[in-house]
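The values are calculated or read from the model by the stated rules, or taken from the named source; none is laboratory data. The structure presented is a predicted model; accordingly, all values stated were derived computationally and were not measured. Every residue, glycine as well, gets a Cβ built from its backbone with ideal geometry; the counts of neighbours run over all protein chains shown.
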Amino acid sequence: MNILNHTSFDCIKTKASELIGDTPMLELARTGTGSRLLLKLEQFNPTGSCKVRMAREMIMAAEREGKLKPGGHIVEPTSGNTGTGLALVALERGYTFTAVVDHHASRDKLRAMKAMGANLIFVEGNGNGPSTVQRRRMAEEIVAETGAFWPDQHHNPNNNRGYTGLAEELLRDTGTDIDYLVGAVGTGGTLCGTVKALRTMGSRVTSIGVEPTGSIIFGGPAGKYWQTGAGAPGGFTVGPNVDHTLIDEGLTVDDVDAFSAARVIARRTGLLIGGTAGAAIHVAMKRMALIEPNSTMVVLVCDAGEKYLDSVYDDDWLKERNLLDEAKHMGVDSLFDAYRESIRLSVAPSLTAGAMA
Ligand SMILES: Cc1ncc(COP(=O)(O)O)c(C=O)c1O
């Protein structure tokens, strides 16, 4: 082969935002009844999260609608992943970006935003979880004072629209319908946006939303949680991007189960995923045993575990919060073994028949 004959350089991009999308999938488990559990690995987007998809969509729409002028100022309250996405799009398109954050956020997300030139404004919370209410109040004040553009991820329909490409990739890359889609819910954009686009394309997907125990999106009592990005704390008014007509089932997962699942995935696959993806995988691994044969279940992995090396993947951090539970690790681990065993049992009769023929 003459390498000089290769004249197509489409794979070489000139901007980091052109690297958004086309994220890979990994088969995490398979059952003896032919069902597959696939992970959509959104940490392979620039900024290490799916949220850069919607950050780009919100900014492009604001430009089209004349809400953002050249050299403009963007402000958004964020737990970090929306913020890193906005920081990337802002720097490419010549805007300044101010992220309103709190100390519940992962330190690495805050550092990443700063590294990309974002201004960070901190609000204090009550220490019981993310300061979502206080962050919004501060963003409102900044907008009132400076006239900055606030995309408002909880109310902006372009958040959800930003996931149309993700839905197309799922159908293209699996070559089949997605029977179950499991994803963590915060603003609702990732799960509801993907489900809406899938159904528009004819999918009959069943959707399962997951939030931290203590979050109030699906109606449970408010409490403290350490998962960051997903969920909404007590006192927060959930926005319309959580479209309950697109979520067939809403479940809560506590921090111990979420973080145990993430840590087991790290040990089994070598891939580090975030805590909210751990929560979704916890749900999916249990549900796999109950679904119809030959189903395809996909978990949306929202972000990379490298952002949580000093929390989810730090034994001391977990111990200080009473969140390290080896028995839970073993529980998740044993599910993998159970599925492998179910495959062995399902192929055993045909092997036996073959041997006897
Ligand atoms: C780590 C993580 N998981 C889940 C979510 C929830 O995604 P969405 O806001 O699209 O519902 C977010 C949102 O920021 C996140 O950062």
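Key figures for this structure:
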| quantity | calculated |
| --- | --- |
| Wholly enclosed strands (runs of 3 or more DSSP E) of segment 163-264 bearing at least 2 residues within 11 Å of the ligand (Cβ to nearest atom) | 180-184, 206-212 |
| Which listed residue is within 16 Å of the ligand (Cβ to nearest atom), touching a residue at least 40 places away in the same chain (Cβ under 8 Å) and in contact with a helix residue (DSSP H, G or I) (Cβ under 7 Å, 6 or more places away or on another chain), from Asp333, Asp303, Asp325 | Asp303 |
| Qualifying residue in segment 269-285 (condition: away from the ligand (no atom under 16 Å from the Cβ) and part of a helix (DSSP H, G or I)) | yes |
| Boolean, Leu39 is among the hydrophobic types (A, V, I, L, M, F, W, C) and within 16 Å of the ligand (Cβ to nearest atom) | yes |
| Any hit, segment 66-85, residues being assigned to a helix (DSSP H, G or I), more than 20 Å from Gly165 (Cβ to Cβ), within 12 Å of the ligand (Cβ to nearest atom) and in the same structural domain as Pro130 (by TED's automatic domain parsing) | yes |
| Residues of segment 183-230 satisfying the condition of being among the hydrophobic types (A, V, I, L, M, F, W, C), within 13 Å of Leu300 (Cα to Cα) and crowded, with 24+ Cβ neighbours inside 10 Å | Ala184, Val185, Leu191, Cys192, Val195, Val210, Ala230 |
| Members of segment 86-103 that are within 12 Å of the ligand (Cβ to nearest atom) and surrounded by fewer than 24 Cβ atoms within 10 Å (Cβ to Cβ) | none |
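Yes/no per residue for (1) of a type in the set (Val, Ile, Thr); (2) touching a strand residue (DSSP E or B) at 6+ places or on another chain (Cβ under 6 Å); (3) part of a helix (DSSP H, G or I); (4) at pLDDT 95 or above:
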residue: Ile121; (1), (2), (3), (4): yes, yes, no, yes
residue: Gly127; (1), (2), (3), (4): no, no, no, no
residue: Pro130; (1), (2), (3), (4): no, no, no, no
residue: Ala139; (1), (2), (3), (4): no, yes, yes, yes
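Residues checked against (1) more than 21 Å from Arg136 (Cβ to Cβ); (2) crowded, with 20+ Cβ neighbours inside 10 Å; (3) out of contact with any Ser or Thr (no Cβ under 7 Å at 6 or more places or on another chain); (4) assigned by TED's automatic domain parsing to the domain that holds Leu170:
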| position | (1), (2), (3), (4) |
| --- | --- |
| Ala16 | yes, no, yes, yes |
| Ala29 | yes, yes, yes, yes |
| Glu42 | yes, yes, no, yes |
| Ala61 | no, no, yes, no |
